[in-house]
Amino acid sequence: MRKLLANKSLIGLGLSLLFYAVIQITIVTGALDSYYQFNLIQIFIFIIMAVSLNLINGFTGQFSIGHAGFMAIGAYVSAIITTKLGLPFFLGIFAGAIVAAIVGFLIGLPTLRLKGDYLAIATLGFGEIIRVLFNNIEYVGGASGFSGITPLTNWTWTFFLTLFTVYFIRNFINSTHGRACISVREDEIAAETMGINTTKYKVMAFTIGAFFAGIGGALYAHQLMVITPVKFGFQLSIDFLVMVVLGGMGSISGSILAAVVLTILNAYLQSFAELRMILYAIVLIVVMLFRPQGLMGNKELSLRMFKRLGRGPKENGAAVNK
């Protein structure tokens, strides 16, 4: 079984590197213009954000709507490291991720004893506190924003950090710690009865999710070059939540798919902000009515899934009967 999983991982890694090489060639040759490069990088940043939030909401069963707060911490801390202190980009990314993880740990300890709506309200409050805090710190520009950030985010940085995020979280979910997080989602009382420290694993998932949100924030800041607190408001957290719900709570493939679809849709609707919000609302209503588990549910994309689709319903039924 382990050998099969290792082979699948190697195949997936090989295809990912091939995809990277193809895109890199189109960038170097000028076949992919700056507009499409910008949106491609945005897609991959939002994949990091959606997958990291899915670890908290989908796999561990917590209801966090303050993920943009951790993204803001990563963005501002990394920008301070590179722009104010003149240190290398990788140190800025690492510092932003570590600070976001520490804050996630400190916030998670008291708030993750709450459940459901109470936890949602607490994380919403945290996100707003972070936004207001940066809004009043003149060192980082206050309400007018942090400008002059060096544009260090590129396709290579974004691709490999996204790849690292997806593989790390996937391996974490397949580990004993990940299984413990899933047991918390399925039945917290039963998990506690079996001796699982539910608070420990909820805080662990929250801290890891915050760490990767910090990475996403660092990439985001060094792509936009100007960041303002209003960019990390409640609406951005809702965008990430929509990606997780649409893709499927508990599906990494679903989060990736939803991040791609919604980021492309968002890019085409930039001139129609009101229409974008209406469309988001319609998408959520339709998903909740006709497929409440999301596009992928808790399943992952695989060759077996495509083979089943190719056989058709009759052949699938015959295979089940056998």
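Step through the residues of region 56-64 one at a time and calculate ³J(HN,Hα) from phi using the Karplus curve (6.51 cos²θ - 1.76 cosθ + 1.60, θ = phi - 60°), rounding each to whole Hz and writing x for Gly and Pro.
Whole-Hz 3J(HN,Hα) from phi for region 56-64: 7, 7, x, 7, 9, x, 9, 10, 9.
Between region 235-274 and region 45-61, how many Å separate their Cα centres?
Here the answer is 12 Å between Cα centres.
Do you know the relative contact order of region 59-187, to the nearest whole percent, from alpha carbon pairs under 8 angstrom that are 6+ apart? Numbers along the way, then the final one.
Values: 111 pairs, mean separation 46.1, N = 129.
Relative contact order for region 59-187 comes out at 36 percent.
Which distance in Å, rounded to a whole number, links the C-alpha centroids of region 75-114 and region 151-203?
Using only Cα atoms, the two centres lie 19 Å from each other.
State, to one decimal in nm, how far the label point of Asn298 lies from the label point of Val132, with both points 7 Å from Cα in the Cβ direction.
Rounded to a tenth, the inter-label distance reads 3.8 nm.
How would Leu15, Leu265 line up from fewest to most surrounding beta-carbon atoms within 10 angstrom?
Values: Leu15 10, Leu265 13.
So the residues, fewest neighbours to most, are Leu15, Leu265.
Using 1/(1 + (r/R0)^6) with R0 = 35 angstrom and r between the beta carbons of Leu91 and Phe290, what's the FRET efficiency to the nearest 0.05?
0.15
Please list, in chain and number order, the residues 5+ apart from Gly250 or on another chain whose amide H is under 5 Å from its amide H, with Hs placed from the backbone.
It is Gly58, Phe59, by chain and number.
Step through the residues of region 232-238 one at a time and calculate ³J(HN,Hα) from phi using the Karplus curve (6.51 cos²θ - 1.76 cosθ + 1.60, θ = phi - 60°), rounding each to whole Hz and writing x for Gly and Pro.
10, x, 4, 4, 5, 4, 5
Can you match mean projected area of the Cα convex hull in nm² to one of these, (i) 26.3; (ii) 19.0; (iii) 15.8, based on a calculation from the structure here?
(ii)
Going 7 Å from the Cα of Leu275 along its beta-carbon direction, which residues of region 220-260 have the amide nitrogen within less than 19 Å of the resulting point?
none
Expressed in nm to one decimal, what extension gain is obtained for the pair Asn174 and Ala267 from 0.36 nm per residue of sequence separation less their Cα-Cα distance?
Extra length from Asn174 to Ala267 when fully extended: 30.1 nm.
Please give the contour-minus-distance gain from Ile11 to Tyr35: 0.36 nm per residue of separation, less the Cα-Cα distance, rounded to one decimal in nm.
On the way: separation 24, 0.36 × 24 = 8.64 nm, distance 3.08 nm.
Contour length minus the Cα-Cα distance gives 5.6 nm.
Anyone know which of Gly86, Gly108, Gly145 comes out most mobile in the 10 Å Cα GNM of the chain?
Top of the fluctuation ranking is Gly86.
For Thr228, Thr199, which order do you get if you count the other beta carbons within 10 Å of each Cβ and list the fewest first?
Thr199, Thr228
Could you give each residue of region 17-33 its phi-based ³J(HN,Hα) in whole Hz, using Karplus coefficients 6.51, -1.76, 1.60 with θ = phi - 60°, and x for Gly or Pro?
Listing the rounded values in order: 5, 5, 4, 4, 5, 4, 5, 4, 5, 5, 6, 4, 7, x, 5, 9, 6 Hz.
Here, each number is a calculation from the coordinates, and none is a lab measurement. Given the structure is predicted, the values throughout are model-derived calculations rather than measurements. Don't worry about glycine lacking a Cβ; one is built from the backbone with ideal geometry, like all the others, and counts go over all protein chains shown.
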